[in-house]
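Presented below is the structure to which this report refers.
Read-outs: derived from the displayed coordinates by stated rules, not from any lab. Keep in mind that what you see is a predicted model, and the values were worked out from it rather than measured. Note that each Cβ is placed from the backbone with ideal geometry, even for glycine, and that neighbours are counted across all protein chains shown.
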Amino acid sequence: MGTYRADDDYDYLFKVVLIGDSGVGKSNLLSRFSRNEFSLESKSTIGVEFATRCIRVDDKVIKGQIWDTACQERYRAITSAYYRGAVGALVVYDITRHITFENVERWLKELQGHTDSNIVIMLVGNKADLRHLRAVSTDDAGSFAERENVFFMETSALESLNVENAFTEVLTRIYRVVSRKALDIGEDPVMPPKGQTINVGSKDDVSEVKSVGCCSS
Amino acid sequence: MLKGNHKIPDRPRKVFPDMLGSLVLGFELKESENAGGSLASLESGEELKAFEPNGLGSVQPVAMSDFVDEKPKGTNLDIRSRLLRPAKDGHGQVSAMEGIIAADEKRSDLQYELSQPEINLEKLQRIANNGLPDGGGLRATAWKLLLGYLPPSHEMWEKDLTEHRSKYAKLKEELLSSPARWGENTTYAETIVESNINDGPLQRQKISPEDHPLSVGKSSAWSQFFQYTEIVEQIDRDLQRTHPDLKFFSGDTQSSRKHRESMKNVLLLFAKLNPAIRYVQGMNEVLAPIYYIFSTDPDEQNAANAEADSFSCFVRLLSDSVDHFCQQLDNSSVGILSTLSRLSDLLKENDEELWRHLEHTTKVKSQFYAFRWITLLLTQEFSFQSIMRIWDSLLSNPFGIQDMLLRVCCAMLLCLKGRLLCGDFIANLKLLQHYPTDINIDHLLNVATQLSPDTSSYSLSL
């Protein structure tokens, strides 16, 4: 049964959203990262799913609060609330379905509309294990990411390839932004200064910083 | 039982017939020539044959095997449902297992009720509210009655069913066949050149310029046809992911492919008939229990017509909640947000402490968890067998499906009160998004039934 209280021991809590077309593997990326699980046939995500995991960067414990959202138009009005307070995003496409790559532009626009402009974004080409079915070249996606000024990585949730890296990279980048900002202004990173561009909201579902010990999960 | 504000254009008005064949002793099954029609592709019995006994996966294999048995077997009854009710026909066998006796009594109660020339719906609701027995097609018949798809008058069943099924076949022919096939009959256009000159040019179909496949006109038949390809792909993807743990729905067997094909037809037809809603992800989950129950009916005629029957029942099932799928209505009094706030009111009335802790202390908004509970009628929260049991109660509630649904949702929160009260935002959200599987469903439903009735606004709208 275990304990019902979520682990509270972290220095930073960052909210990250997963978006992208239906069936690109968002939920499996999340389950691979948060529980090291993969399922060939997972149910379609309705509304929102949510998971957390802590990573360590430098001597700090960072808790990633990852929100996996339904992608269909109908659910997006409801899900726009999920973007609130997000400081990172993984925009996922399926390397075997070109249309899902074409739609990335639309997803980026949607992010711009709902989040802080300093949000850390990574373009993720998932299902990299399906090499023989590849429809989007790494180069094309790479140069697209460069143009859009976002990070880029190819992953395979099935083979557990780069999944850890993708999330860790995003969380680390956010951490760098936050700590640099704090440093620039010369204040304690624990209390983000006024004018902070990283959106730090109330203590519920949005990102926050905390000063506590460390976390074990 | 069906309430207002549904905009489903084609709500089948009538109810159907047939089916008690397997239930009533001495009733001879009649093959209704009409009913087959273009649905002939769904051959009777094939579903059942192709469906392996273990088809429902490793989850509770014994209990689930019930669903596939052609004949009810006492020993296979769900012994968890300990419903003790007086037997009408004095089924006198003494069994060592109280559960089995209870289940047997439940079954004979129901069989008796369903064999009456005029079904007493109130009685049926009372029986169903305590859980319908698995196997033997009883649940299929009861659900059809509860949804108003079958009329109370037994003798009307066959005629009504035949009518509804042929109507469905016609709808399907009109709306689901590709324009390429329109030439094959004359219902769409008079297409075949009449003259039959031996040495002349080959016969060609006459197609108006607008309907040429390369026409760019928006009203072109092909353009309208292709407009749905995206929806079809989405439906396909979701059907692949419907109860992936059950072989009935998933995998690459011939039977599961056929089930997915039938379900796709139902969903696509619904989308075409309801252009304001179309297909919304999750409808596949709502359709699954109905389709499963109907197509595993031991009555071959019924099983063969599962697609047609599912369509009508799906429409009826959604009649008072279809607006939840509609984004434009989110903020209206019939939209999902207002339903969510009714849930909140219900919780507040029944347990203010828990309500305060969830909504104010931990700020776990109901839309983060109950949105899915409500729009999908709880189909993603529980095991397949538990879903059936819960649906028995939803469908048999005299105040409508939504009333009971909100009660069950509220009960789901109350049953976790202890854990929720000591959980924070993260812990509570995780708990509610992955509802514990060890919950006792009968207890949950009891709690739901006993909630103080703050659903008056609902009852009044009847």
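Exposure proxy ranking for B:LYS106, B:LYS348, based on other Cβ atoms within 10 angstrom of each Cβ and starting from the fewest, stands as B:LYS348, B:LYS106. Summing charges over all other residues whose Cβ lies under 13 Å from the Cβ of B:GLN234, with Lys and Arg as +1 and Asp and Glu as -1, gives 0.
The H on the amide N of A:GLU154, modeled in the peptide plane, is under 5 Å from the matching H of A:GLY125, each at least 5 residues off or on a different chain. Estimated from the Cβ-Cβ distance and a Förster radius of 41 angstrom, the FRET efficiency linking B:THR449 and A:GLU37 is about 0.65.
Backbone geometry of the stretch B:336-349 corresponds, through the Karplus equation with coefficients 6.51, -1.76 and 1.60 at θ = phi - 60°, to 3J(HN,Hα) couplings of 5, 5, 6, 5, 4, 6, 5, 5, 4, 4, 5, 5, 4, 5 Hz, x marking Gly and Pro.
The phi-based Karplus calculation (6.51 cos²θ - 1.76 cosθ + 1.60; θ = phi - 60°) puts the 3J(HN,Hα) values of the stretch B:368-378 at 6, 10, 6, 4, 6, 3, 7, 5, 9, 6, 6 Hz, whole numbers, x for Gly and Pro.
Per residue of A:67-78, other chain Cβ atoms within 10 Å of the residue Cβ number 5 on average.
Near B:LEU405: Cβ cut-off under 12 Å, other residues only, Lys/Arg at +1 and Asp/Glu at -1. The net charge is -1. For the stretch B:239-351, the relative contact order is 16 percent, taking Cα pairs closer than 8 Å that sit 6 or more residues apart in sequence and dividing their mean separation by the residue count. Take each residue of peptide A:33-44, count the partner chain Cβ atoms within 10 Å of its Cβ, and average: the result is 3.
Neighbouring Cβ atoms from other chains, within 10 Å of the Cβ of residues in B:425-438, number 4 on average.
One Cα centroid belongs to the stretch B:282-309, the other to the stretch A:87-148; the line between them spans 39 Å.
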